[in-house]
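The values are calculated or read from the model by the stated rules, or taken from the named source; none is laboratory data. Computed from a prediction, not measured in an experiment: that's the story for all the values here. So basically every Cβ, Gly included, is an ideal-geometry build from the backbone, and we count neighbours across all protein chains shown.
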Amino acid sequence: MTMSRIRDHFPRTDPAAPLASAPMGDLDPYVVFTQLRANGPFLYAGWLEAPDAEMALLLARDHYGRDQVCTAVRVIHRADLESSDGLYTLAMPPPDGTEWLVATQKRPGDIFIEMGRVRAAGPAAAMDAARASVPGAATAHVIWVIPADRAVTTAPDDLIWRTTDQTYRLARGYRRDVREKWTRFRDESALAEYERDDLTEEF
Amino acid sequence: MSGSANEGVVVDPMIREEDPQRLAEFEAKMARGDLIEADDWMPKAYRDAMLRMAEHHANSEIVGALPEGEWITRAPSLRRKLALTAKVQDEVGHGQMLYRVSQDLGKSRDDMLRDLITGKTKYHNCFNYPVPTWADIAMIQWLIDGAAIMNQKTLADGAYGPYVRTMKRINMEEAFHFRSGEDMVLTLMSGTPLQRGMCQEAFDRWWGPALMFFGPPDKPGAEHLPPMRWRMKTVKNDELRRRFVNRFAPAAIDLGLRIHVVEKDGHGSVIAKRPDERAVRDAATGDWGYTEPDWNEFFRVIRGHGPCNAERLALRRFSYEQGHWVQQAVLGRRAGLPPAA
Amino acid sequence: MQTIPADLRDDFVRLLLSVADDKLLLGHRNSDWTGLAPILEEDIAFSALAQDEIAHAQALYGLAASVSHPDARAGADASGDAPAADALAFGRPAAAYLCAAFVEADDGFDWAVALVRRFLCDAFDAARLQRLSGSGFAPLAHLAARLLREERSHLEHASGWLVRLGRGTTESAARMQAALDRLAPAAMTLFEPFDGEDRVASAGLYPGDRATMFRTWRAAVEPVLARAGLTAAFTLDPDPPRGGRRGVHSPAFSAQLDEMCEVFRLAPEAAW
């Protein structure tokens, strides 16, 4: 039994030998938001690292954009975030009167959701404007404000979710087959009990 | 696939050097069930332990991509080929997200990758076992991913916000891994004698590592020690193992699989087996019994002497060294690209 | 046109197989990088593209199966008949595969080679799908139009890296140029005609011609290479030697096929 060629024949180095390359540090971090239905809110999806915003968007489409049906993807460089809890600080403030995106985290542990836009001079004013006018911002645990023109978003006709059958990568793509096959081994009542366990365990 | 459970999180006595007032507030938050965010005050021991846990988990994801990756080129149908590729890809994605959680606790991804391939940090034990047949792929996705979901579901009830959010997202994807594994096991056990035989042999190889997945038996009073008191872990190893066996032992038996106690050689091949007589349901408690896995083997593998430790690290190292020039070429490029010609 | 005239059926199936086989073998080669490619983010994306190729192949095999056996099943789309698609993907002898030598070759564990090949193939596939989207056979035209959107996003991805690495460090530029030097001549095998290509072309099933497609491909490839600071010369052989498109493959291809079909062949009739 042989492995694939890459895995069977890769050039090996002495594991005791020190690494030939010097440490190089990380690429820039971008936060990714995804929109799951047309005109719906943008939801925090996660982070990734990329050489620049254009590549960040391409890479985000092929990772976070493919985890579920998705209509748009947006990336924001971490240096373009200002966070009400001081975790992120905007590196270069934009000109006065800039439009800001406002995302809020309702309670600790929740994901950030983009809730609206405000116009303001500077991040502090944007934060105040958000609390005054964006739904839920006044009571949110944390607010993020982002100069709107620094967010990079897919175009309306960009393809994100694929056109081919994607059920192979989703749990629901297997449920019917699995159930049908189980009936060869278990009767209905045992199967129903097993499926209740499924729900408890979030399988 | 989760890697955090069997690391054995150790929190050193540095806690005593912390500001007592802040520590008391932190402990009170923990007791109330509040979540901690990256910028909240936390004892250094907590930050360090959380970093070790997230880093170990991230390492496990990207090393965990290797054993199953071996079979992508040999998957027996287009759908299975797609599914296995997507599954391994998900593991890399989970690793990427968990490295981010770790980076925010103070260590660069590059340093973490370098520490992994030079053996300074660890990853989950179960990836040090061989994957000699296609049926092993089915068994890993059914048993090991099943165990991972059971574990990660409890980790998603933890206290550290960034880790909790990542667990929730990961669990959503793991459901596909488990379901696809279950479908493969069901297909093989519904198939030809050759397929059922492959499946039984793979089950014999993976039942032990699956029991070990949740880590060694708990220390006495584990619930009062920092990992549980600080909700880095929320359920004891033995309790998770009990839940796992109660679900999977009867399922395996109904499928026609036999639960064996096995003896393995240094390459991870089964050289002797006998039926596990404890694998029956206790009428009084309702719990299924099992024979404890070989914990000596577990600690031997953790110390680096498992069947595939060297192989896994060598391939990860190849990947890092082969790809080094790519990251090097685009570091610090945010300023932009040359204009179109 | 909703059915293929009987005298064109074999030629038309060869057309579908040549496209599907290219995609399967490229996807197969590239999927092997999953978990190993440079930079975790790119590892994920590169694998996503490999999955697309295999999914495209699956849809095309499904269509080929329904054309070969028009009575077997009416559904002429994607996963309509998975066993028939799998039998085409895994159950043929080497000489029945019509992929170009370019997609089946080893990439030597060199990601520059993997990427440049991806780029040249994506540009070729985009040009070919464009041609197929004008096919007189409606099910193919619709499928090709759908796949073309994905192929264009692949090309965008590969181009993004090509430009950044071509203009990156001295080392990255040298690696990319070396990969291109190695691959440019072999890329021409993509254009080898399959048996019957002229007949399906003139029947409107595969509108256009080889020379025009070559020009379309160059027009897509060369500006990106220029932006990347890379150089290559491409020359179309008017009478190419018999190669992959006509079932003539290297011994390495048989070995590759043995690996790909290893499990399938254990029980070809069984479900896996």
| Would a scan of the stretch A:6-29 turn up a residue that is at pLDDT below 95, surrounded by fewer than 20 Cβ atoms within 10 Å (Cβ to Cβ), within 11 Å of chain B (Cβ to nearest Cβ) and part of a helix (DSSP H, G or I)? | yes
| note | By residue number, the members of the stretch B:1-25 that are modelled with pLDDT of 65 or more and outside any helix (DSSP H, G or I) are B:Glu18, B:Asp19
| task | Search the stretch C:132-160 for residues that are touching a residue at least 12 places away in the same chain (Cβ under 8 Å) and pair each with any residue that is assigned to a helix (DSSP H, G or I) and of a type in the set (D, E, K, R) when their beta-carbon atoms are under 6 Å apart and the residues are at least 6 apart or on different chains. | result | C:Glu150/C:Asp52; C:Glu151/C:Asp125; C:His154/C:Asp122; C:Leu155/C:Asp122; C:Ala158/C:Arg118; C:Ala158/C:Asp122
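Taking the stated definitions as given, is A:Val145 of a type in the set (Val, Ile, Thr), touching an Asp or Glu at 6+ places or on another chain (Cβ under 7 Å) and outside any helix (DSSP H, G or I)?
Values: of a type in the set (Val, Ile, Thr): yes; touching an Asp or Glu at 6+ places or on another chain (Cβ under 7 Å): yes; outside any helix (DSSP H, G or I): yes.
Judged against the criteria, A:Val145 is a match.
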| Subset tally (residues that are more than 7 Å from every other protein chain (Cβ to nearest Cβ) and closer than 23 Å to B:Glu37 by Cβ) for the stretch B:67-98 | 2
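This table checks each residue for (1) surrounded by fewer than 21 Cβ atoms within 10 Å (Cβ to Cβ); (2) more than 25 Å from C:Ala211 (Cβ to Cβ); (3) in contact with a Gly (Cβ under 6 Å, 6 or more places away or on another chain).
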site: C:Pro83; (1), (2), (3): yes, yes, no
site: C:Gly91; (1), (2), (3): yes, yes, no
site: C:Ala95; (1), (2), (3): yes, yes, yes
site: C:Phe119; (1), (2), (3): no, no, no
site: C:Asp122; (1), (2), (3): no, no, no
site: C:Asp125; (1), (2), (3): no, no, no
site: C:Arg146; (1), (2), (3): yes, yes, no
site: C:Glu156; (1), (2), (3): yes, yes, no
| field | Scan of the stretch C:235-272 for residues that are away from chain B (no Cβ under 14 Å), surrounded by 16 or more Cβ atoms within 10 Å (Cβ to Cβ) and in a loop (DSSP other than H, G, I, E, B), ordered by number | value | C:Gly243, C:Gly247, C:His249
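Identify the residue in the stretch A:149-162 that is closer than 27 Å to B:Ile170 by Cβ and modelled with pLDDT under 95 and, among all such residues, is surrounded by the fewest Cβ atoms within 10 Å (Cβ to Cβ). I'd like the intermediate steps shown before the answer.
First, the residues of the stretch A:149-162 that are closer than 27 Å to B:Ile170 by Cβ: A:151-154, A:158-162.
Subsequent filtering for residues that are modelled with pLDDT under 95 retains A:158-162.
Numbers: A:Asp158: 18, A:Leu159: 17, A:Ile160: 19, A:Trp161: 14, A:Arg162: 21.
Once the filter is applied, the top-ranked residue is A:Trp161.
Tell me the strands (runs of 3 or more DSSP E) entirely within the stretch A:58-141 that contain at least 1 residues that are of a type in the set (S, T, N, Q) and touching a His at 6+ places or on another chain (Cβ under 8 Å).
On the way: elements: A:72-77, A:98-105, A:113-120.
Counting at least 1 such residues, we get A:98-105.
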| message | Return the residues of the stretch C:21-52 that are more than 10 Å from chain B (Cβ to nearest Cβ), within 19 Å of A:Tyr168 (Cα to Cα) and buried (at least 24 other Cβ atoms within 10 Å of the Cβ); say none if nothing qualifies. | response | C:Lys23
| note | Of those in the stretch B:144-175 that are among the β-branched types (Val, Ile, Thr) and facing another protein chain (nearest Cβ under 9 Å), the residue nearest to A:Val31 (Cα to Cα) is B:Thr166
| Residue check for B:Val301: more than 30 Å from A:Arg7 (Cβ to Cβ) and either surrounded by fewer than 18 Cβ atoms within 10 Å (Cβ to Cβ) or out of contact with any Lys or Arg (no Cβ under 8 Å at 6 or more places or on another chain) (or both) | no
| said: Please count how many residues of the stretch B:133-143 are of a type in the set (Ser, Thr, Tyr) and at the interface with another protein chain (Cβ under 7 Å from one of its Cβ atoms). | reply: 0
| said: Given the condition in a helix (DSSP H, G or I), within 24 Å of the chain's Cα centre (by Cα) and not acidic (Asp, Glu), answer yes or no: does some residue in the stretch B:253-265 qualify? | reply: no
| How many residues, within the stretch C:245-268, are more than 20 Å from the chain's Cα centre (by Cα) and aromatic (Phe, Trp, Tyr)? | 1
| Within the stretch B:15-45, how many residues are within 14 Å of another protein chain (Cβ to nearest Cβ) and among the charged types (D, E, K, R)? | 6
| Within the set of pairs 6 or more residues apart or between chains, which connect a residue that is under 20 Å from C:Asp258 (Cα atoms) inside the stretch A:1-21 to a residue that is modelled with pLDDT under 80 and part of a loop (DSSP other than H, G, I, E, B) with Cβ atoms less than 6 Å apart? | A:Asp8/A:Thr2
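A quick yes/no check of all residues on (1) free of Cβ contacts under 8 Å to residues at least 24 places away in the same chain; (2) out of contact with any Lys or Arg (no Cβ under 8 Å at 6 or more places or on another chain); (3) among the aliphatic types (A, V, I, L, M):
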{"site": "C:Asp195", "(1), (2), (3)": "no, no, no"}
{"site": "C:Ala232", "(1), (2), (3)": "no, yes, yes"}
{"site": "C:Gly243", "(1), (2), (3)": "no, yes, no"}
{"site": "C:Gly247", "(1), (2), (3)": "no, yes, no"}
| request: Return only the number of the condition from (1) touching a residue at least 12 places away in the same chain (Cβ under 8 Å); (2) in contact with a Leu (Cβ under 6 Å, 6 or more places away or on another chain) that B:Asp39 does not satisfy. | output: (1)
| request: Could you give me the residue pairs with C-beta distances under 7 Å whose first residue belongs to the stretch A:62-78 and is away from every other protein chain (no Cβ under 11 Å) and within 9 Å of A:Leu36 (Cβ to Cβ), whose second residue is of a type in the set (D, E, K, R) and part of a loop (DSSP other than H, G, I, E, B) wherever it lies, and which are 6+ apart or on separate chains? | output: A:Thr71/A:Arg37
| Where residues in the stretch B:132-189 are farther than 21 Å from B:Met212 by Cα and of a type in the set (Asp, Glu), which of them is modelled with the highest pLDDT? | B:Asp183
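Is it true that some residue in the stretch B:26-34 is assigned to a loop (DSSP other than H, G, I, E, B), out of contact with any Gly (no Cβ under 7 Å at 6 or more places or on another chain) and not aliphatic (A, V, I, L, M)?
Initial filter on the stretch B:26-34 (assigned to a loop (DSSP other than H, G, I, E, B)): B:33-34.
If we keep only those that are out of contact with any Gly (no Cβ under 7 Å at 6 or more places or on another chain) too, we end up with B:33-34.
Next cut, not aliphatic (A, V, I, L, M) only: B:33-34.
Yes - at least one qualifying residue is present in the stretch B:26-34.
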| query | Consider A:Trp47 against the criteria (1) at the interface with chain B (Cβ under 8 Å from one of its Cβ atoms); (2) under 12 Å from the mean Cα position of the chain (by Cα); (3) under 27 Å from C:Glu151 (Cβ atoms); (4) crowded, with 21+ Cβ neighbours inside 10 Å: it satisfies all of them except one. Which criterion is unmet? | reply | (3)
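Report yes if B:Leu105 is more than 17 Å from C:Ala37 (Cα to Cα) and surrounded by 23 or more Cβ atoms within 10 Å (Cβ to Cβ), otherwise no. Lay out the reasoning, then the answer.
Details: more than 17 Å from C:Ala37 (Cα to Cα): yes; surrounded by 23 or more Cβ atoms within 10 Å (Cβ to Cβ): no.
No: the conditions fail for B:Leu105.
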| Among (1) crowded, with 22+ Cβ neighbours inside 10 Å; (2) more than 26 Å from C:Ala48 (Cβ to Cβ), which single condition is A:Val75 missing? | (2)
| said: Within the stretch C:82-180, considering only helices (runs of 4 or more DSSP H) that don't extend past its boundaries, which have at least 3 residues that are within 14 Å of another protein chain (Cβ to nearest Cβ)? | reply: C:82-90, C:111-132, C:138-166
| remark: Restricting the stretch B:99-131 to residues that are at the interface with another protein chain (Cβ under 7 Å from one of its Cβ atoms) and in a loop (DSSP other than H, G, I, E, B), the one nearest to B:Leu315 (Cα to Cα) turns out to be B:Thr118
